[in-house]
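> Have a look at this one before I ask anything.
The values are calculated or read from the model by the stated rules, or taken from the named source; none is laboratory data. On a predicted model such as this, the values are computed, not experimentally measured, just so you know. Because the Cβ atoms are built from the backbone with ideal geometry, glycine has one as well, and the counts that use them run over all protein chains shown.
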Amino acid sequence: MEAAVVSVSRGAIGFVIAKLGDLLAGKYKLLKGAKGEIMFLKAELESMRAFLERMSEAEEEPDKQSKLWAKEVCDLSYDIEDSVDEFIVLVECESDCEPHGFKGFIHRSMNLLTTMNARHRIAKEFRGLKSRVVEVSERRMRYKIDDVVSKQNKTTIDLRLLALYADTAGLVGIDGPKNELIRLMAGEEGGSAQPTKVLSIVGFGGLGKTTLANQIYQKLKWQFQCQAFVSVSQKPSIRIILRRMLSQVGYVAREGADMEIWAEDELISELRKFLMDKRYFIVIDDIWDETTWNVIRCALPENLYGSMIITTTRINSAARACCCNQHDYIYKMKTLSNEDSRKLFFRRVFGSEDACPLYLEEVSTQILKRCGGLPLAIVTISSLLASERNKFKEHWVHIMNSLGPNFEVNPTLEGMRQILSLSYINLPHYLKTCMLYLGMYPEDYIIWKNDLVRQWVAQGFVSKAHGKYPEDVAEGYFNELVNRGIIQPVDTDHNNEVLSCRLHDMMLDLIIHKCRDENFITATDDIQDMIGLSDKVRRLSLYLDGIIDGTILETTQLSQVRALARFGNSAYAPPLLKFKHLRVLSLEFRWEIPDLTGISHLFQLRYLKIKTDGKIQVPSGVVHLGRLQHLIVPRRTILPNGIGNMKSLCTLQEFDVGLNSIDNIRDLGDLINLRDLRICGHLSKMDELHDMERRQRLDVLTCSLEKLCDLRYLHMDYNIKVSYVLSSLFLRRLHMLCPFPKVPNAIGELHNLFDLDLTIEVLEDDIAILAQLQSLNRLKLHIEGKPETEEKVVICRKGFPVLKHFWLFCVRMSQLTFEAGTMPSLEKLEVRINSLYGAAPMGIEHLLGLKEIFVFVGGCGGEGSCSIRAALTLLRKAIDMRSSHPTANIKCVDNLLLLEHLLDDGFSWRKYGQKDILDAKHPRAYFRCTYRKSQGCSATKEVQRTDDDPELFLVLYKGKHTCIMETSQASQEQRVLVPQLGLQEKLFLEARELLEIEIDSFFDSTRDRLEMKQAEFEHFI
């Protein structure tokens, strides 16, 4: 069995061997004798790597002496790599500033003399490293490993993963406990005044407490005015927890108030007052001590509206404290029954409960017995076994023997670690360091795949593969970790590919435990822990809140740190000048942004991500970081001039056309290695520009984009209208939210394109251009339309051969027809239209592979809507008759209308509130008639961006205008007035308010806030 230190050492040594090979390639000017020493180092390290590979293949855990030797090799590899990097930076700085010709010869000669001391110093370091290598190599000869047995680890991606994931740790055997607890919480029926009830779910980690609580929450939350689900964790920040609760229950701070600076007592007071007269449902997940609960409980008032609170905890005393020792309301989690355990295990391994071969029945029974009915343990082991292509009994017996006999009787944290360790032990060597790197992220953090794989590559964890980009190889690594159950999927795309994940807290505990033992990552939420560290810090993860003593890191040795991640609400940033060998830098702040000037001196940096709600000042020296491959900054960021120097950039997000200089827009075309580019345009800034300057910016942008021939992903916001000629035939994902007059012919040449998001004014016959794309897997099509036209869309046969997801929006569509033979692979169809212009989709019966259909028809309350209602009824019947029984969600809504932009509907409105909506990505804005006070007009409207398409709005009108403007308008009650008025569409001030990130939310009085909450409550009803 391979120890973590062996895996870490192999990863480090492999990376430095490659770098030594680069030094010997002849590009660099080596002093006499240095070349021979480098060749010696390379040969010795290759021998050590071979020895480490033998050690990793041993059946038994390496002894302590072997682990110490492996750790010494790891430290030696890091030190060699640091010396190599210093030398390479020195040489590259020389070559960057050298002139050509005779002057260049003189300059190079003078430079060689002036840098001779530095070269001699580095040569001396190499000699010292050579002596260390000799010592380590001689020590290795005194260690032997007997009975080395090779083992193979072959993994395949399990295509059943996502469906099975939904049936695993929580959902097998959960219906009984869920229904039991719902009945317990419901209590006596018919009572007019039900007091607040608190239920506590208690049990060992991995039993499914959170899953059970979430299932109850998802089923009952709609019965309550206010809902919230928050996690606490071992070292909670009470202020963050209370702010999250306030946000989720629908609280909107008064004008000018900043919740970020409120103390705990202010947060408790506001939450208590807000919930006092409301029926609420709150879930407090993962409480670790009574003190935390006692503070949170102060914010949750007792009332007689039937409110409910559910807590989960591993601590029995905490459970009793939550329920005030009312034992009837303490639910102790039970392990799965034998039947449910078998069901969970065999579904994960074989896809069916009845598919287990006879020769594996007995060993399966023994494995399940040792898992003790613990869902997390069963999922972990079954995921491991499911990843094996061949089901050899000998391997299953080996796994069973590794579990140990005592866990079934007495499950403990150490026992759970032992089970989870099997996931690590049985990983291929190239995945072990990738798994350990997950320890950089804090508990409950959502980890995005693209960010993670880029960091893996920047750290040198990814092996080179002929003909493939390292990021593509790393994505395969990510899929293997998902497939093995090590990371849990959170977000998925149209093709069921996992986009983000999180770690179970017990898996994170295992990773942190191994990282600490092997000095792979130093992770802390208390900077005092950095005092007196005996080992060199290789990777540093800081989660910081409040005021930080900055003097501690000033006196800590940090030059050898390879990766730095900073999370939390504190404005403190570590002294970046001290991190001279840093390769990965990820910084997250709230509003206060510290000085980031030190980034300019991080010449080894490959990955830089800054995430904040505030506005950052990017140091001017960033453009001279020649090795930087990934630059990810927030919107509204102005990059320093000279980005054309950053030739290594592969990823650039977000590049703001409205704020960056024209020189930078022009330099964008020099970044020929770009593969991932997101372009945005600050709305107000673009509006402020004169037409000539705006046109100039967009023309320069067009010229720059046409030079980028290696793009794989391009995203452009809707307000950047360019006549872009698609020049990169390698594009895989293209999201053009900016409207084109029609489908560009060049799109038909993008044979690698599998994801297309396109906005056009009219479609007409251009659907044929899209239908010929042989790789297109997802199509999201916005048809803005023109007032004088109505679209007729006919999807012809033999088109879209591999399309799985088709999303269509059109305000003015009179016909949508699918012919026989079209879209043979289509699984999901989403259509959004308005009833005023046409009928329901036709030809759905020709989509033979359809699994899910969503049709939204707005404005059905107007005249002439009977025909479309009848057509939708026929559509529902046709779907019901399908043998495949696809999931159907067909909505025909009276007083909701899908709009491409907000309309000037002829009335004068004033915004009186805005709030975040639970489970919605975008806030909802509330408007009332401007003449409410002067004329008593009670008309209101609610405006909210749709989740699927942030450029579309849902508008809900309520009440009837009784103001003086009503004399020229028809009644607006219970129907959408805008289309009947026939007024010309245009963006106006309200649209700008919604589209700006910095929307000012205000209320004139407490009555306005209550009106908004009443509107929200009516919306749920």
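> If I ask for residues that are assigned to a helix (DSSP H, G or I) and polar (S, T, N, Q), which ones from the stretch 314-371 would you list? Even if it seems obvious, please write down each step before you answer.
Taking the stretch 314-371 and keeping what is assigned to a helix (DSSP H, G or I), we get 316-322, 327-329, 338-350, 358-371.
Scanning the stretch 314-371 gives N316, S317, N338, S341, S364, T365, Q366.
> Tell me, which residue of the stretch 327-363 that is in contact (Cβ under 8 Å) with a residue 40 or more places away in the chain and polar (S, T, N, Q) is surrounded by the most Cβ atoms within 10 Å (Cβ to Cβ)?
Going through the qualifying residues, I end up with T335.
> Can we say S586 is touching a Lys or Arg at 6+ places or on another chain (Cβ under 7 Å), among the polar types (S, T, N, Q) and over 15 Å from H601 (Cα atoms)?
yes
> Scan the stretch 619-642 for residues that are in a helix (DSSP H, G or I) and within 27 Å of the chain's Cα centre (by Cα) and jot them down.
Kept after step one, since they are in a helix (DSSP H, G or I), are these residues of the stretch 619-642: 620-624.
Listed by number, the list holds a single entry, V622.
> Just for the stretch 724-745: of the residues that are among the polar types (S, T, N, Q) and without any contact (Cβ under 8 Å) to a residue 24 or more places away in the chain, which one is surrounded by the fewest Cβ atoms within 10 Å (Cβ to Cβ)?
Result: S727.
> Okay, moving on. Regarding E471, is this residue buried (at least 18 other Cβ atoms within 10 Å of the Cβ) and either at pLDDT below 85 or under 20 Å from A386 (Cβ atoms) (or both)? Outline the logic, then answer.
Details: buried (at least 18 other Cβ atoms within 10 Å of the Cβ): yes; either at pLDDT below 85 or under 20 Å from A386 (Cβ atoms) (or both): no.
Criteria not met by E471.
> Report, by residue number, each residue of the stretch 244-268 that is within 15 Å of C298 (Cβ to Cβ) and touching a residue at least 12 places away in the same chain (Cβ under 8 Å).
M245, L246, W262, A263, E264, L267, I268
> Here is a further query. For residues in the stretch 832-852 being surrounded by fewer than 21 Cβ atoms within 10 Å (Cβ to Cβ) and of a type in the set (A, V, I, L, M), which is modelled with the lowest pLDDT? So that I can check it myself, show each step before the final result.
Of all residues in the stretch 832-852, those surrounded by fewer than 21 Cβ atoms within 10 Å (Cβ to Cβ) come to 837, 839, 842-843, 845-846, 848-849, 851-852.
Add one more test, that the residue is of a type in the set (A, V, I, L, M), and what stays is 839, 842, 848.
Values: A839: 62, M842: 80, L848: 82.
Checked the stretch 832-852; the qualifying residue modelled with the lowest pLDDT is A839.
> Still on this structure: If you check E302, E266, E260, which single one turns out to be surrounded by fewer than 20 Cβ atoms within 10 Å (Cβ to Cβ) and within 29 Å of the chain's Cα centre (by Cα)?
Numbers: E302 fails: within 29 Å of the chain's Cα centre (by Cα); E266 fails: within 29 Å of the chain's Cα centre (by Cα).
Of E302, E266, E260, the one residue that is surrounded by fewer than 20 Cβ atoms within 10 Å (Cβ to Cβ) and within 29 Å of the chain's Cα centre (by Cα) is E260.
> Going through H494, H513, H466 one at a time, which residue ends up being assigned to a loop (DSSP other than H, G, I, E, B) and more than 18 Å from the chain's Cα centre (by Cα)? Lay out the reasoning, then the answer.
Details: H494 fails: more than 18 Å from the chain's Cα centre (by Cα); H513 fails: assigned to a loop (DSSP other than H, G, I, E, B).
Sole residue among the options that is assigned to a loop (DSSP other than H, G, I, E, B) and more than 18 Å from the chain's Cα centre (by Cα): H466.
Residue-by-condition table, conditions (1) closer than 24 Å to P470 by Cα; (2) of a type in the set (K, R):
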| site | (1), (2) |
| --- | --- |
| H630 | yes, no |
| T637 | no, no |
| Q653 | yes, no |
| D656 | no, no |
| L659 | no, no |
| D670 | yes, no |
| G681 | no, no |
| R695 | no, yes |
